[in-house]
1. Provide a single number: the residues in segment 323-344 that are outside any helix (DSSP H, G or I) and among the polar types (S, T, N, Q).
2. Within segment 46-75, can you find the residues that are modelled with pLDDT of 85 or more, within 18 Å of the chain's Cα centre (by Cα) and either farther than 26 Å from Leu133 by Cβ or outside any helix (DSSP H, G or I) (or both)?
3. Test Leu43 against the criterion of being assigned to a loop (DSSP other than H, G, I, E, B) and either surrounded by fewer than 24 Cβ atoms within 10 Å (Cβ to Cβ) or not acidic (Asp, Glu) (or both), and give yes or no.
4. Every residue in segment 97-138 that is of a type in the set (Ser, Thr, Tyr) and in contact with an Asp or Glu (Cβ under 8 Å, 6 or more places away or on another chain), please.
5. Which residues, taken from segment 464-478, are part of a helix (DSSP H, G or I) and over 15 Å from Pro382 (Cα atoms)?
6. Need pairs with beta-carbon distance below 6 Å; first residue not assigned by TED's automatic domain parsing to the domain that holds Arg40 and within segment 161-182, second of a type in the set (A, V, I, L, M, F, W, C); sequence gap 6+ or separate chains.
Amino acid sequence: MYSFRASSLRRTLIFDEARCETPQNLKRSPLTGETIRPNRSVLIVLFFGVLIGAMDIAILGPAIPAIREAFGLTDRLVSWMFSIWVLANLVSVPIMTKLADRFGQKRIYLLDITLFGLGSMIVAAAPSFEIVLAGRALQGMAAAGIFPVAASVAAAVIPVEHRGKAFGLLGSVFGIAFIIGPILAGLMLTLGWRWLYLANVPMALLVLLFGLKTLPKTEITSTSPLDLKGLFALGGLLLCFAYALSVFDSSDVVGSLTSWRILSAILAVILLVPMFVWIEKRAIDPVLRLDLFKNRQVALASVNAIGAGVNEAAFIFFPTIVVLAHGVTTSEAAFMLLPMMVAVALGSPLAGRLLDRTGSKFIILLSNLLLVLGMLGVATSPSSKAVFYLGSSLIGLGMAGLLGSSLNYILIHEARKQEKSISQGLITLNISIGQLFSAAAVGAIAASAATPLQGYSNAFTAIVVLTLVVMSLSFLLRNRDEEQAAIREKGAE
């Protein structure tokens, strides 16, 4: 199914032997003095693990029409193919990342790969749509660990001076997946939609087998009792929050806000937030250390992650805008998004290389500026194909800089050693929150305008304003010298 080969990837990885020492030739990082055991094979395993998760998102669009026809579903029912994945993913992020910090990244990463393969098998063999949703939920739960844990493993095997490159490589996977995913999905749909999910199984098995051999073992960081109360409280809070946004009907804002389902979910969130804070303040080993948010770098990275999620969710509406503005078919609209996906695939490793030289502040400011310019172009001139191509490409480059490396870079260096995975999960969590908010808000704004196209223009203009606010706050981030001094200090602890 996949066109990448490990041998070719080895030749094209951005880490040469001189910089990526082998276990037989250990060296210390000149920045922190820590002993590092980098391994190209580890990066390959992480690359393909993240790829199968990203491909699962990329093939959903082409798969939905076939699944809808196979089970005789309505549009609202079939939308749960995505909604159930988001719900399971959002709830599972803090659980999987906390377990990874507690019991070792290797164990949880491979567990998630196994669960993802199992979920794919369930979807492929499902005799009913209910079973399909069960498999999708399992896939979403597994993906919650695959993405952030891969970043924490990469940080463990790559010297500080080259971590931006590693994060950039992993970030490029999403652009690659959204380029080749729809193409491969179109080919495999000739065999039947079930093959789209069955093809995940051998890939997951290969990642599992090579991961068992190559991924580094990590020691158990704590013997204190697991904070089960905190896990359940946070999981319940996120579930209610995600459910309220997922059932929100943007075409009927008043009706949605007065719906007993949404009101009860919001009430549950209001009650669970102080309960979670109370539990975490008293926990010996909390799920999420609340003091982490007192760190200015972490707080600003979280704000940027929410902003990135808001911009990323706008992608969902781009095909609709293209159809409305240019009168093309949905298939042609999908091809018009390819420049944006190419920009993500190429921009992520480029941003990673720059990150190691310039620091995270420069990349974050530049990425937000690209998002503002790109989104402003799409919002103000949706009928111009040239502006759309240029604007969407700038958006792709901006997203590559935020999601590919810089935010992960900040959290991996600000978090304690025993919370590396949960810190990466915090980025994923905030991105998901931004996505959910954006999807509901854009739909509501679009539905309130005189014409749908004008509505989307208004919504994207609102996103531009929000991104400008986030960009302004980002000037408070540490510059490169301050950031590296903080890294040295942590390395000396």
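The values are calculated or read from the model by the stated rules, or taken from the named source; none is laboratory data. Owing to the predicted nature of the structure, the values given are computational and were not obtained by experimental measurement. Neighbour counts are summed over all protein chains in view; Cβ atoms, including those assigned to glycine, are modelled from backbone coordinates with ideal geometry.
1. Counting residues in segment 323-344 that are outside any helix (DSSP H, G or I) and among the polar types (S, T, N, Q) gives 1.
2. Leu46, Phe47, Phe48
3. Working: assigned to a loop (DSSP other than H, G, I, E, B): no; either surrounded by fewer than 24 Cβ atoms within 10 Å (Cβ to Cβ) or not acidic (Asp, Glu) (or both): yes.
Considered against the rule, which asks whether it is assigned to a loop (DSSP other than H, G, I, E, B) and either surrounded by fewer than 24 Cβ atoms within 10 Å (Cβ to Cβ) or not acidic (Asp, Glu) (or both), Leu43 comes out as no.
4. Going residue by residue through segment 97-138, those that are of a type in the set (Ser, Thr, Tyr) are 97, 109, 114, 120, 128.
Residue satisfying the conditions is Ser120 alone.
5. Passing the criteria: Val465, Leu466, Thr467, Leu468, Val469, Val470, Met471, Ser472, Leu473, Ser474.
6. Taking only residues 6 or more apart or on different chains, not a single pair turns up.
Yes or no, residue by residue, for (1) more than 23 Å from the chain's Cα centre (by Cα); (2) surrounded by fewer than 21 Cβ atoms within 10 Å (Cβ to Cβ):
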residue	(1), (2)
Val157	no, no
Phe167	no, no
Leu196	no, no
Pro202	yes, yes
Leu205	no, yes
Leu215	no, no
Pro225	yes, yes
Leu228	yes, yes
Gly236	no, yes
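Table: residues versus (1) in a helix (DSSP H, G or I); (2) surrounded by fewer than 18 Cβ atoms within 10 Å (Cβ to Cβ).
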| residue | (1), (2) |
| --- | --- |
| Ala242 | yes, no |
| Leu245 | yes, no |
| Val254 | yes, yes |
| Leu263 | yes, yes |
| Leu271 | yes, yes |
| Asp285 | no, no |
| Phe293 | yes, yes |
| Ala301 | yes, no |
